[in-house]
1. Taking residue 60 as the residue in question, decide whether it is more than 16 Å from ligand 2 (Cβ to nearest atom) and out of contact with any helix residue (DSSP H, G or I) (no Cβ under 6 Å at 6 or more places or on another chain).
2. When you check residue 282 against the structure, is it in contact (Cβ under 8 Å) with a residue 40 or more places away in the chain, in contact with a helix residue (DSSP H, G or I) (Cβ under 9 Å, 6 or more places away or on another chain) and either assigned to a strand (DSSP E or B) or surrounded by fewer than 20 Cβ atoms within 10 Å (Cβ to Cβ) (or both), yes or no?
3. For residues that are crowded, with 18+ Cβ neighbours inside 10 Å and assigned to a loop (DSSP other than H, G, I, E, B), scanning just the stretch 101-114, find the one that is farthest from ligand 2 (Cβ to nearest atom).
4. Inspect all residues belonging to the stretch 109-128 and state whether any of them is out of contact with any strand residue (DSSP E or B) (no Cβ under 9 Å at 6 or more places or on another chain) and away from ligand 1 (no atom under 16 Å from the Cβ).
5. Inspect all residues belonging to the stretch 216-228 and state whether any of them is under 20 Å from the mean Cα position of the chain (by Cα), free of Cβ contacts under 8 Å to residues at least 60 places away in the same chain and surrounded by fewer than 24 Cβ atoms within 10 Å (Cβ to Cβ).
6. Spot the failing condition for residue 77; the list is (1) over 16 Å from residue 5 (Cβ atoms); (2) at pLDDT 95 or above; (3) part of a loop (DSSP other than H, G, I, E, B); (4) within 16 Å of ligand 1 (Cβ to nearest atom), and only one is missed.
7. Which of (1) outside the structural domain of residue 138 (by TED's automatic domain parsing); (2) modelled with pLDDT of 95 or more; (3) within 27 Å of residue 46 (Cα to Cα) is the odd one out, the single condition residue 266 does not satisfy?
8. Considering 248, 210, 205, 235, which residue is buried (at least 20 other Cβ atoms within 10 Å of the Cβ) and closer than 25 Å to residue 47 by Cβ?
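The values are calculated or read from the model by the stated rules, or taken from the named source; none is laboratory data. If you're wondering where the values come from, they're calculated on a predicted model, not measured in any experiment. Cβ sites come from the backbone with ideal geometry, for glycine too, and all protein chains shown count toward neighbours.
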Ligand SMILES: [Zn+2]
Ligand SMILES: [Zn+2]
């Protein structure tokens, strides 16, 4: 099969590799669409230690079942599916509590690190365990379905905040996760404000339901006014840098809640005194844990618009150019979908 292989740091090559063979309880999926994730773009240079070459990346995908491995039940060739990017053991204390994203033996498709290597979906075929498959509703295209994975990440973060109707929420960073979080917060009946440095992303944030969309020089004052001077009930940080963490804490009311999703830098400065004296609650939020059915339902009912987030759909062979554009942070680019 053809696959886009990360052969060395930041070196992507379209090459012919052996077709993967589904083992016990696994299916072979013919990949129809696979989204390029920020973590792929950010990690392909080797900086995160989670894309150690050689690896086929790609964990936001949808396709058609092409073959069943031994012992697979309830699935058939030709079914259109997407899959959870997280593989969990089902046995450890976290899995038993339903926190599969915290599994002690967690693996992620399309990731290679010191502990494991699991080839992903920037290829004609990918092998997926049956336990993480989800049927697609009839009318949902494979391109849209490739955004279920990032939607589940946004949904999980909003769930961590336990967002309630009429609460005010500030989303910092209007990239893919931020723009999806805005929509999930709106579905929950929250009022939403968004912060980003790029004008086109702020425009999208407005179109997707943000009442206020501002860029940093004005953001702190504008958010204070927007929240009536008291600060917002909730904030969701989808960047992961010193300045944005500061702003997230700064914009909250006393007793407010913050979900931390972005982690562009591994270490950020924390305004400790503000967190302590204003009794803020900070939640880390990683991947998702069982949000897929709810996400597919929201998409099928048209409650979440992902079309506005898809900047380009391109053949797998064009992958290296699109990765390069995303690495250069070419403006106006959000989600790029490759079609093997
Ligand atoms: Zn991702
Ligand atoms: Zn586990």
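1. no
2. no
3. Ranking the qualifying residues of the stretch 101-114, first place goes to 110.
4. Yes, the stretch 109-128 contains at least one residue that is out of contact with any strand residue (DSSP E or B) (no Cβ under 9 Å at 6 or more places or on another chain) and away from ligand 1 (no atom under 16 Å from the Cβ).
5. Within the stretch 216-228, none of the residues are under 20 Å from the mean Cα position of the chain (by Cα), free of Cβ contacts under 8 Å to residues at least 60 places away in the same chain and surrounded by fewer than 24 Cβ atoms within 10 Å (Cβ to Cβ).
6. Here residue 77 clears every test but (4).
7. The single condition residue 266 does not satisfy is (2).
8. Checking each option against the conditions leaves just 248.
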